[in-house]
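As structure tokens, the structure follows; a few thoughts come after it.
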Amino acid sequence: MLWDHTSIRQRLLGILAIQTLVFLIFGMIATNNVIRLNDLTRSIYEHPLVASNAAVQAHLEEVEIRLAMRKALQVDSLSLRVDLIVQINDHNTSIRRNLDLIRDNILDQDGLRLELETRILLDGWQPLQTEFIRLLDNGNLNEATKFLNNEISPCSLKLNSNLTRLNQIARAEADRQIAEANSTSGKVLHLLTMSLAIALGLSLALTFMVTRSIQQAIVSLKEVMASIVHSGHLQKAKVTGNHEFAEMKKDFNILIEMLENELWLRDGQSRLRVALAGNYNLNELGKIALQFVATYVGAGMGALYVYNPETQQLQLLSSFAPHNSTMLIQEHPLGEGIIGQVALQKTPILLRNITRDQAIIQTGTTSEPPLNTYTFPLLFNQQLYGVIELAAHELMDQNKQNFLNSSTAILAYYLLSSTQKDKTAHLLAQEQASNEKLHQQSIELEALNAELEQGQRQLEEHFKALDESNIELEEHVQALNQSNTELEEQQKIMELQAQELRANNAHLIGLQLTLQEKNLQLEMASQYKSEFLANMSHELRTPLNSIILLSQMLAQNKQQNLSKDDQKKASVIQAAGQELLQLINHILDLAKIESGRTELLIETMTTQQLISNCQDKFETLATEKGLSFILQDDLKMSFTTDCEKLNQILTNLLANAFKFTSKGKVTLKITASNTLDLPLKISISDTGIGISPDKQELIFEKFLQVDGSISRQYGGTGLGLSIVKDLVALLRGRITLHSAKHQGSTFTLLLPRFLETATQPGMSPLPPHPQPILITDNQTSLSPEDRPNFILRNASTFTPIRLDQDPDPILQGKRILLCDDDLKNVYTLSSLLEDLGLEVLEAYNGQEAIQKLEANPDVDLILMDIMMPVVDGVEAMRRICRDSRFRHIPIIVLTAKAMLGDKEQFIAAGAKGYVSKPIDYAVLTNLIKDWLKEEQ
């Protein structure tokens, strides 16, 4: 037969050519009919239906005009009537636009004539509308009603009739074209069915003929494959036939050989993982790993070296079948010898046909030097962890090399895991010892505080005795002056009094020495108090960070899996956390002021900026409480002061004004004062509950309010105005109060226009460079031209901000290293950052952070905690900045440390940003965006 003398390729090409010709003929016929059907369908939707829809829409607009006219007759408000007239004009415009669509898309001549008639009717209808509007404007409602019924309504009915007829004409044309399209569709379907049947029959006949011609060879090959599947053993095919199947047999046998090699390799990797899966220390793991790989590839001798990154040395960990273990080199520097060179270049080296008298492969019956060695590095994520060298009589073929190269990550991973386990056990022991030491120090501190309190009470008693002694001394002096004429008679009495005076002086000197000693004790107590406040700030802010951020996530209900009641509970938790944070900040502010170590950051600002800041903060609150918020700036000038502390003063005063005012207004006024040295006058007035004159001095005292009912009704700790008073004194200003019961209050603040930059006693100046920049709650980004050297986030006015739900493309795929020893903070921040599309790497101390950077040098940004075990955040930042590979990576400090001097320490260590806990996540997010933009 002809099929026996042709190749399979020629047979298939012949069938394909015949099928292509048949389908081409029938395809051309079908395409012609489909094009015609498509033209009909497009004609329907581009003309009649567009015209019909425009007619219906114009009819609806005409109805809306009539309704608007009726409403205009019924309303009394001029503004509502003007709105209705504007609606009438808009509806007229829409009717004309729809008539244009009808004119452009209707295909019938009668329809075009009717459209022109309707347009003329609309031109006559609009003057009637104008007359109707004029009558309304003049207040002639009765005449307007008659005009509407007698003139406008008949015209409206005629217009309505024309639009209905236009719709009917367009619909009739659409129905005709749809019927024609349905008829054409049936013909096309019939033709395609016949064409498909003929083509399918011809294809089946040709396919059957070719199939029979090659069936025998395929069946033979199939039997070989079935035998492999059932027996589980690979075997090569034995197929006789034409040229194509001979080539197929050759390729099939090559595939079998590749599968055998791959199965051998995968079996070795699986057995290697099983062998290393136990709980081994580093030495045990090294012996097991080296023994397995050497045995599996048939090596006669081997050595495993581990890499120490601190010394950059490769140290011998274990050996396999050494002839003389003392001959093995214990350490290899990077780049020295084959071991060092492999570690340096991180690629294997194969040596062939070598002789070494010292290295002998010894068995029970022979002792010969090896001829070949294969040395390969142990890498995981391109990080070097060790080197293995194997020696054998036979050459390491490519299959064995592939196994060793593919096993390097497995060996390196288990070496790293074993090393980390050893380090973790050591760190846990250190942490336990540190906790015991901290507990002992806490007990000692409590005892010391008790002693200091007792000493303070004794000092107060000494002061009281000193005051009494001074009063007695003054009485004696007065008696001497009055009895000058009796001096001679009372000489003996005066001598006795002189003796008593000397005794009193000696007593006073003793009291002075005691006072100096007590002052030293008070200074030590103040230092202990500062350290205690710093530790308490850290311990309180750390859990508050998780509470506020997690409750904010729950309140937003991104997953839509919480009820309204659950969201409200989450909001209550968040609000309670913010109130606790505000109390902590007040206590810290008070401690800084009392210690005399508060910093002044002198800047220039304008009164317009001050007014704008206050308006941004309290305008929403004023609207919610229904109060008028009046802002008046009569000066409109610039001045120099500590802007942050001035904003804190005004924020406290305005917050009190809004808190104690239920109706009326709150006024902020900036005017000129009559005092030359204090020319800037800022007044804050309210119409609230007021303060009686006998209680006005109390409100500036610490922890005091007017009465207990105020605290119960309005809340608060009594610290706000005390802090305000101290901050005003720091700004060289003065604050006064004018108030009356139930008549409101006015706080007046007098300030110098130019605050001197000289440092006051007890006040630490800021370093001139770098200049920190304060990011406030209403500032969410930085301008490119104002890139700071350091960004400080002040959590004293924590304000939750709704997070943007849309993912930012700047953050997508970026890698962030998060370093914090608190698991709760790591979980909270990782969840929030991953929701933004960021990839988060976690580390739990500074040492782990540096190791993570070594393994992942492509990190884009680092978030660093400060108080951590092993290596703290400050030391970790110093090491990172000293490394030229990582010093370009921005570091943002996340810490609960909020005491004086902390931020200068972070700047010196290399931090680019600072956010105190609890973290305002929206500000942190925008801070990350700004630095990632800068890196790009």
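The values are calculated or read from the model by the stated rules, or taken from the named source; none is laboratory data. Owing to the predicted nature of the structure, the values given are computational and were not obtained by experimental measurement. Counting neighbours? That spans all protein chains shown, and the Cβs are built from the backbone with ideal geometry, glycine included. Only protein heavy atoms, including side chains, enter the accessible area calculation; ligands, DNA and RNA are left aside. Shrake-Rupley method; radii C 1.70, N 1.55, O 1.52, S 1.80 Å.
Selection of first residues in region 818-843 that are more than 21 Å from residue 551 (Cβ to Cβ) and of second residues that are aromatic (Phe, Trp, Tyr), restricted to Cβ pairs under 7 Å at least 6 apart or on distinct chains, gives the following pairs, ordered by first then second residue: 821/844. Looking only at residues in region 620-671 that are farther than 28 Å from residue 599 by Cα and among the acidic types (Asp, Glu), the one that is nearest to the chain's Cα centre (by Cα) is 624. In region 726-754, the residues that are of a type in the set (Asp, Glu) form Cβ pairs under 9 Å with partners that are open to solvent by 20 Å² or more (accessible area, probe 1.4 Å) and outside any loop (DSSP other than H, G, I, E, B), at six or more places apart or across chains, as follows: 726/589; 726/593; 726/594. Listed by first and then second residue, the pairs linking a residue in region 153-176 that is surrounded by 19 or more Cβ atoms within 10 Å (Cβ to Cβ) to a residue that is among the basic types (Lys, Arg) and in a helix (DSSP H, G or I), with Cβ atoms under 6 Å apart and 6 or more places separating them unless they lie on different chains, are 156/66. Put simply, of 103, 119, 97, 113 the only residue that is within 22 Å of residue 161 (Cβ to Cβ), open to solvent by 80 Å² or more (accessible area, probe 1.4 Å) and in contact with a Leu (Cβ under 8 Å, 6 or more places away or on another chain) is 103.
Screening region 253-343 for strands (runs of 3 or more DSSP E) wholly inside it with 1 or more residues that are among the charged types (D, E, K, R) returns the ranges 331-333.
Inspection of region 813-824 identifies at least one residue that is more than 22 Å from residue 558 (Cα to Cα), at pLDDT below 90 and part of a helix (DSSP H, G or I). Remark: residue 511 falls outside the filter, which requires a residue to be open to solvent by less than 90 Å² (accessible area, probe 1.4 Å), outside any helix (DSSP H, G or I), at pLDDT 75 or above and not assigned by the TED database to the domain that holds residue 825.
Could you list, in sequence order, all residues of region 68-79 that are open to solvent by less than 90 Å² (accessible area, probe 1.4 Å) and in a helix (DSSP H, G or I)? The answer is 68, 69, 72, 73, 79. Counting only strands (runs of 3 or more DSSP E) that sit completely within region 597-674, those holding 3 or more residues that are closer than 20 Å to residue 733 by Cα and open to solvent by 30 Å² or more (accessible area, probe 1.4 Å) correspond to 602-606.
Checking 289, 294, 299 one by one, the residue that is small (Gly, Ala, Ser) and touching a Gly at 6+ places or on another chain (Cβ under 6 Å) is 294 and no other. Would you pick out the residues in region 855-875 that are outside any strand (DSSP E or B) and either of a type in the set (Phe, Trp, Tyr) or touching an Asp or Glu at 6+ places or on another chain (Cβ under 9 Å) (or both)? Result: 860, 865, 866, 867, 868, 869, 870, 871, 872, 873. Given the structure, is residue 11 surrounded by 13 or more Cβ atoms within 10 Å (Cβ to Cβ) and modelled with pLDDT under 70? So residue 11 fits the description; yes. Identify all residues within region 132-152 that are closer than 21 Å to residue 119 by Cα and open to solvent by less than 60 Å² (accessible area, probe 1.4 Å); write none if there are none. 132, 148, 152 - these are the residues of region 132-152 that are closer than 21 Å to residue 119 by Cα and open to solvent by less than 60 Å² (accessible area, probe 1.4 Å).
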